[in-house]
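A.B. asks: Structure in structure tokens, see below.
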Amino acid sequence: MTASKSSRARNARAAAQAGARSGAARNGASGGTAVRNASPTRGGPAKPGGSAKPGGTATRDRAQVRNGAAARGPRTIEVREEPAERGPAPWLQIATFVLALAGLGVSIYLTIAHFTESALAGCSESGLVNCTKVTTSPQSYVFGIPVAVLGLAFFVFCVAIMSPWAWRASRREVHLVRIASLVVGIGFVLYLVYAELFTIGSICLYCTSVHVITFLLFVLTAFAAAAWGLKPGAPWKLVPDRQPE
């Protein structure tokens, strides 16, 4: 009876030890699997059945991006310079300058004829067209100054203000003075036309040519201000640059 109890006790201890060893073996196996599953964190490919952290792939991607950016070099931004918006076109500048020179020439001739009291060439002395009657009338003086002298001074100023260099001036005041002078000029022309038609009863061809030139200068100047504003005129050259082929 005593022997059977002791043998059962030994068998129980042996079974307990065997269970403990098998549990330790299972724990070791599961630990090895965890270690194997965790090994891909260094960047190696994950084995089937294991879970790999995304850190390795992300690190390689960032390294490739840095290497690619270094190979391409720094990015450059291309900036295109747009041509600055310009004022009146060259043709208008030249047209106004030529008209001012023509008006200056006629004014010089009228001033010389006034002080020398000579007859104007090619102008009728009777009828509606009578240059002598107009140039010797009381209306040929304004504030005691001959109209021919006033016209000469006006066109000397016009030649300067209508020159291409004045059109290309960057100061706004130059363009304002041009417009103001033409407004005064066209107002004076209207007064002279009224005096010729309704007070004197005759017209002068040379005076009429000056009136027409002043009117054209006024129209072109007003058109330039309306179309381009008070901006410096576009540069012009007698011989344009050749375009590259």
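A.B. asks: Want the number for Arg171 to Phe215: 0.36 nm per residue separation, take away the alpha-carbon distance, what's left? Intermediate values should be presented prior to the final figure.
C.D. replies: Values: separation 44, 0.36 × 44 = 15.84 nm, distance 2.51 nm.
Length gained between Arg171 and Phe215: 13.3 nm.
A.B. asks: Tell me which residues come under 5 Å, amide H to amide H, from Val129 once H is placed; ignore anything under 5 positions away on its chain.
C.D. replies: The answer is Ile203.
A.B. asks: Using a 1.4 Å probe over the heavy atoms of the protein chains, calculate the carbon and sulfur portion of the accessible area of segment 89-201 as a whole percent. Present the calculation step by step, with values, prior to reporting the outcome.
C.D. replies: Details: 4450 of 6080 Å².
Reported share for carbon and sulfur atoms: 73 percent.
A.B. asks: Something else about it: On a full-extension model of 0.36 nm per residue, what is the gain between Ile94 and Ala226, subtracting their alpha-carbon distance, rounded to one decimal in nm?
C.D. replies: 45.7 nm
A.B. asks: Please list, ordered by chain and number, the residues whose modelled amide H lies under 5 Å from the amide H of Val142; skip anything fewer than 5 residues away on the same chain.
C.D. replies: Hits under the 5 Å cutoff: Val147.
A.B. asks: Separate question: What list of ³J(HN,Hα) couplings, whole Hz, do you get for segment 196-213 from phi and the Karplus terms 6.51, -1.76, 1.60, once you set θ to phi - 60° and write x for glycine and proline?
C.D. replies: Residue by residue, segment 196-213 yields 5, 7, 10, 9, 7, x, 8, 10, 10, 4, 5, 5, 5, 4, 5, 5, 5, 4 Hz.
A.B. asks: Provide Tyr194, Tyr206, Tyr109 ordered by accessible surface of protein heavy atoms (probe 1.4 Å), highest first.
C.D. replies: Details: Tyr194 130, Tyr206 60, Tyr109 80 Å².
So the residues, ranked largest to smallest area, are Tyr194, Tyr109, Tyr206.
A.B. asks: Between Thr116 and Val149, what is the label-point separation in nm under the 7 Å Cα-to-beta-carbon projection?
C.D. replies: A separation of 1.9 nm, rounded to one decimal place.
A.B. asks: Another question about this same structure. What length, rounded to one decimal in nm, is gained on full extension from Val156 through to Leu197, with 0.36 nm per residue of separation minus their alpha-carbon distance?
C.D. replies: Full extension of this stretch gives 12.1 nm more.
A.B. asks: Label Glu125 and Gln139 with points 7 Å out from Cα along Cα→Cβ: what is the distance between them in nm?
C.D. replies: 2.2 nm
A.B. asks: Check which residues have an amide H placed less than 5 Å from Gly87's amide H, if you skip close sequence neighbours.
C.D. replies: Gly233, Ala234
A.B. asks: I'd like the Karplus ³J(HN,Hα) series for segment 90-97: coefficients 6.51, -1.76, 1.60, θ = phi - 60°, whole numbers in Hz, and an x wherever there's a Gly or Pro.
C.D. replies: Once rounded to whole Hz, the list reads x, 5, 6, 4, 5, 4, 5, 5.
A.B. asks: Same structure, new question: If you take the square roots of the eigenvalues of the alpha-carbon gyration tensor of segment 126-245 and sort them as a ≥ b ≥ c, do you get rounded (a/c under 1.5), prolate (a/b over b/c) or oblate?
C.D. replies: Here segment 126-245 falls in the prolate category.
The values are calculated or read from the model by the stated rules, or taken from the named source; none is laboratory data. In this text the structure is predicted, and so the values were computed from the model without any measurement. So basically every Cβ, Gly included, is an ideal-geometry build from the backbone, and we count neighbours across all protein chains shown. Side chains are part of the model used for accessible areas, which takes the heavy atoms of the whole protein and leaves out ligands, DNA and RNA. Shrake-Rupley method; radii C 1.70, N 1.55, O 1.52, S 1.80 Å.
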